[in-house]
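Here's the structure, in structure tokens; my notes come after.
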Amino acid sequence: MNCITLGGMLAALAMVIHRPIDVFWSSRVYVIDTQKNPKAPSLYKVVQPEDIIKKTGLAHLHTSHCLASGDIMISCLGDKDGNAEGSGFLLLDSEFNIKGRWEKPGHSPIFGYDFWYQPRHKTMISSSFGAPTAFTQGFHLQHVAEGLYGRYLHVYSWPDGELKQTLDLGGTGFMPLEIRFLHDPSKDTGYVRCALTSNIVRFFKTEDGSWSHQVAISVKPLKVQNWILKELPGFITDILISLDDRFLYFANWLHGDIRQYNIEDPRNPVLVGQVWVGGLIQKGSPLAAMTEDGKTWQSDVLEIQGHRLRGGPQMIQLSLDGKRLYVTNSVFSTMDRQFYPELVEKGSHMLQIDIDTEKGGLKINPNFFVDFGAEPDGPCLAHEMRYPGGDCSSDIWI
């Protein structure tokens, strides 16, 4: 099998580490040379937002994937004014020149965010966050009622760019974000995390060739004291699948735990590992969760090298052998400031979780801690993690 990855001579990186500003408004593409000196990556090229908007009308860039043609495809969440109606997919050639939109005219998604393609099934599926005018203000429930957040998966023909089907995930699938097919290119199933409703939804091809979906995992909200609402959602903020397709991992940013599920039976995931690495209900927080009998509890979170863990687990990346899971804790500055103001003041950090790949199980590594609060020009907020040679969330097998 061959693999399309973002490695090689150059890697296009977006929002890896950022200062506490609203980065979604930038719409720039920074191309970083990671091969000449891996320990000191250098800026190779910048694709300016004015050029992207002029040639495509697209803005608010998010996910990038390399294509078999050598082109690079980037999902975009709206137009220059932050309207979701401007969502679509930007194409750059192998020299990072703007080629135009990928999707056919009139086939743009309702909302934009993440995407994954499965070439053997001639299908690409994209997810839907919301209108940039809404989420860049922080999260507000009235924006959900106003229809400014998505609940759709968009099924495209690959590589043609024709929108074939739109899956409405309904009330169980608000804010579907990271989407992952199984890595096995012959498989016609995958998962998407729905942040607002805290569900993992499985999507799959049916016998008639159309696509369908079902809830595979639900994270129940916690009854809490001393918060703005009576219940605290998990708010799932990232998901990935191990390269051998055995395990699925995700992070609950507000609850503060990371979970590991065995998905050898994709229809019936089994919880095999869980660890607490922060969250709103850790000991020392004013919030407390309540059990059914009225007792309160808070999660035990270790201090790492004398550091109390800030925020909650957000983006995750798995080592290629599946034994180490790396975790950062910043969504983006507006939401960080809303839910974890200390994170913006002191910066974020990166942790390592050691994994039992035989039976399942997660454990914090006490010897690994990267503090982005001490960075020059900091504090900084750490988000996406990528390996220059490819990883679990960028490699697509053909």
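The values are calculated or read from the model by the stated rules, or taken from the named source; none is laboratory data. In this text the structure is predicted, and so the values were computed from the model without any measurement. Methodologically, a virtual Cβ is constructed for each residue, glycine included, from the backbone with ideal geometry; neighbour enumeration extends over all protein chains shown. Keep in mind that these areas ignore ligands, DNA and RNA; they rest on the heavy atoms of the full protein, side chains included. Shrake-Rupley method; radii C 1.70, N 1.55, O 1.52, S 1.80 Å.
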* Please work out the C-alpha center-to-center distance from the stretch 288-311 to the stretch 224-242 and express it in whole Å. => 14 Å
* Structure fact -> In whole percent, the fraction of accessible protein surface over the chain that belongs to carbon or sulfur atoms, probe radius 1.4 Å, stands at 50 percent
* Asked: What value, in deg cm²/dmol to 500, does the helix sum -39500 (n - 2.57) over DSSP H runs of n ≥ 4 give at 222 nm once divided by the residues of the chain?
  -> -1500 deg cm²/dmol
* Structure fact -> Mean-square fluctuation maximum in Gaussian network of the chain, Cα pairs under 10 Å, restricted to L229, L271, L280, hits L229
* To do: Return the loop-located trypsin sites (Lys or Arg not before Pro) in the stretch 337-389 (DSSP other than H, G, I, E, B) with at most 14 other Cβ atoms within 10 Å of their own Cβ; answer none if there are none.
  => K359
* Structure fact -> Simple spin-label estimate for D354/N97, 7 Å along Cα→Cβ, in nm, reads 5.2 nm
* Filtered GluC sites (Glu not before Pro), the stretch 142-238: DSSP coil and at most 15 other beta carbons within 10 Å -> E146, E162, E207
* **Spin-label proximity, R120 to the stretch 178-194 - amide N less than 12 Å from point 7 Å beyond Cα toward beta carbon** => 182-189
* Using a/c under 1.5 as the rounded threshold, could you call the chain rounded, prolate or oblate? The axes a ≥ b ≥ c are square roots of the C-alpha gyration tensor eigenvalues, and prolate needs a/b larger than b/c, oblate otherwise. => rounded
* Beyond 20 Å between alpha-carbons counts as too far, so tell me which of K164/K205; K323/K346; K230/K295 fall in that bin. => K323/K346
* **the chain: relative contact order as a whole-number percent, Cα under 8 Å and 6+ apart** => 13 percent
* Structure fact -> Extension length gain for Q165 and N367 (0.36 nm per residue less Cα distance), in nm, is 67.9 nm
* Distance from the Cα centre of the stretch 172-217 to that of the stretch 335-356, in angstrom? -> 27 Å
* **Full-extension gain in nm, N268 to S157, via 0.36 nm per residue minus C-alpha separation** => 37.2 nm
* By how many nm would the segment from S69 to D51 lengthen if fully extended, with 0.36 nm per residue of separation less the alpha-carbon distance? -> 4.2 nm
